[in-house]
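Just below is one structure, and these are the notes that go with it.
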Amino acid sequence: MNEGIDLEPILMGFLVFARVGGLLMALPVTGSGSVPAIARLAAALPLAAVLYPTVDGARAPSTIPELLVTGTLEVGVGVAMGFVVGLVTGALSMASEVIGMKIGLSLGGMLDPITGTQGNPLGALAQLLASGLFFGMDMHLACIRTLGESLITLPPGAIVAPLAGGEILLNVASSVLVLGVRLAGPVVAFALLVNLALMVVGRMAPGLQVFFSIGMSLTLMAGMVVLGAAMPAMIMMERDALLGLLAPIRALLQAVAGG
C-alpha cells in the first residue's frame, strides 16, 4: 500500500455515508421495497458528500475491526432515526387498518406499495396520505438538517451507549400506539354502535337476517360517512405528531452519546 495515501478522509466519508444510508433505508417511501437499492445509493452518496464537511475534529478508526464496529453503529443510528419517522407516519395507517377491519373493508385486501404487505385499501391509502403529508411539510428536509446537526454534536465514532436509544424508541412506539387509538376511536366506536343496533334488531326479528342482508352494507356506508367527517381532524392530529417528530430524534441522539 502506498504510504503517501491519506485514508483518513476516505474512512470518515464511509462512516458518514453509513449514517446517511441507514436513515434513507428507514425513511418512508425511500425505505420501501418499491424503491430500488441503486436509487437509495444514488441519493446517499451526494448527500454524504454534502454533509461530510460538517465532521470536524473526529478521528477515523485505526483498525479494521474497529472500523466495522463503528460503521455498524453508524448504520444503526441512521436506521433508528428513520424508524422514529416511520413509527409516527405509520400511526394514521395503523388507525385506518383498524377502521377498515371494523367497517368491513378488510374483506377486500390489496398490496401496500410502501410496506409491501397485504392490507385493506383504506390502510394503504392512509399510508400514502401520511407519506405525502411528511414530504409536503418538508419534514424530510428537517430530518436531513437534524442528520447534519448530529454529525456535529455526535460525530462518527462518538457513540458510547448504543443501547440507550432503546428506551426512546419504546417511548415513541407507545406514543404512536396512543395516537393510533385516538385516530381510530371515533369511527370504531360508531361502528360498534351500529353493530350493536343491528344485533338488537336481529334479536327482535330473527327472520329478517339483518346482519347478512343489510348489516355489512350499512356498517360500511355509515363508517365511511363518519370517517369522511373525522378525516380533517385525523389529518390535523397526524400533522401535529409530525411537527413534534424532531424532539424524540434529538433525544435519541443524546442518549446514544451518553448524555
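Couple of notes before you dig in:
- Checking Ser106, Ser96 one by one, the residue that is part of a helix (DSSP H, G or I), at pLDDT below 80, within 21 Å of Gly185 (Cβ to Cβ) and polar (S, T, N, Q) is Ser106 and no other.
- Annotation note: of Ala142, Ala184, the sole residue that is touching a Ser or Thr at 6+ places or on another chain (Cβ under 8 Å) and either closer than 19 Å to Gly86 by Cα or among the hydroxyl-bearing types (Ser, Thr, Tyr) (or both) is Ala184.
- Screening Pro28 against (1) farther than 18 Å from Pro156 by Cα; (2) in a helix (DSSP H, G or I) leaves a single unmet condition, (2).
- When Leu24, Leu51, Leu67 are checked against the criterion of being in contact with a Ser or Thr (Cβ under 7 Å, 6 or more places away or on another chain), of a type in the set (A, V, I, L, M, F, W, C) and modelled with pLDDT of 75 or more, Leu24 stands alone in meeting it.
Residue-by-condition table, conditions (1) assigned to a helix (DSSP H, G or I); (2) at pLDDT below 85:
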site	(1), (2)
Ala126	yes, yes
Ala130	yes, no
Ala142	yes, no
Leu151	yes, no
Ala158	no, yes
Ala173	yes, no
Ala184	yes, no
Leu192	yes, yes
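The values are calculated or read from the model by the stated rules, or taken from the named source; none is laboratory data. Nothing here was measured: the structure is a model prediction, and the numbers come from that model. For neighbour counting, all protein chains shown are included, and Cβ atoms are generated from backbone atoms with ideal geometry for every residue, glycine included.
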